[in-house]
Amino acid sequence: MGFLANSKELTLVAEELRKLGFEVSELDERLALRQQDSNGYYRAGSYDRASGQLELDSAWDVNEIKRAYSERVVESQARKFGWQLEWSTNATGHRQATVLRRG
């Protein structure tokens, strides 16, 4: 399944996956993923940076991974420009960032 076709930020993807509880191994242009489920079984997957393809077991919530990655990219860009963010949850239950301006 396509995920991050334009992403060259393998480090950001790996960081977010680790934050979500995945064991991540970096192998050249790919990430090998593993996560233990509630029954103690491991599920495996992979992410290919060149193609942006994320291969996961159907039991994983891909949308959760996409949201977490998106937040990480927003935070990364905010730091790059010296902005501070404040995260909150809106009325529909989605997280949103507000840029805090100085002065």
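Taking first residues from the stretch 29-58 that are among the polar types (S, T, N, Q) and partners that are modelled with pLDDT under 80, the Cβ contacts under 8 Å between residues at least 6 apart in sequence or on separate chains come to 35/60; 51/5; 53/1; 53/2; 53/3.
Can residue 12 be described as surrounded by 13 or more Cβ atoms within 10 Å (Cβ to Cβ) and under 13 Å from the mean Cα position of the chain (by Cα)? Yes; evaluated as a whole, the condition is true for this residue.
Restrict the check to the stretch 74-87 and report whether at least one residue is at pLDDT 80 or above, polar (S, T, N, Q) and open to solvent by 100 Å² or more (accessible area, probe 1.4 Å). Outline the logic, then answer.
As a first pass, look at the stretch 74-87 and keep what is at pLDDT 80 or above: 74-87.
Pick out the ones that are also polar (S, T, N, Q) and you get 76-77, 84.
Those still in the list that are open to solvent by 100 Å² or more (accessible area, probe 1.4 Å) too: 84.
Looking through the stretch 74-87, at least one residue is at pLDDT 80 or above, polar (S, T, N, Q) and open to solvent by 100 Å² or more (accessible area, probe 1.4 Å).
The single residue among 43, 67, 79 that is within 16 Å of the chain's Cα centre (by Cα), within 19 Å of residue 13 (Cα to Cα) and among the basic types (Lys, Arg) turns out to be 67.
The values are calculated or read from the model by the stated rules, or taken from the named source; none is laboratory data. These figures come from a predicted structure and were not determined experimentally. Counting neighbours? That spans all protein chains shown, and the Cβs are built from the backbone with ideal geometry, glycine included. Remember, those area values only see protein heavy atoms, side chains included, never the ligands or the DNA or RNA. Shrake-Rupley method; radii C 1.70, N 1.55, O 1.52, S 1.80 Å.
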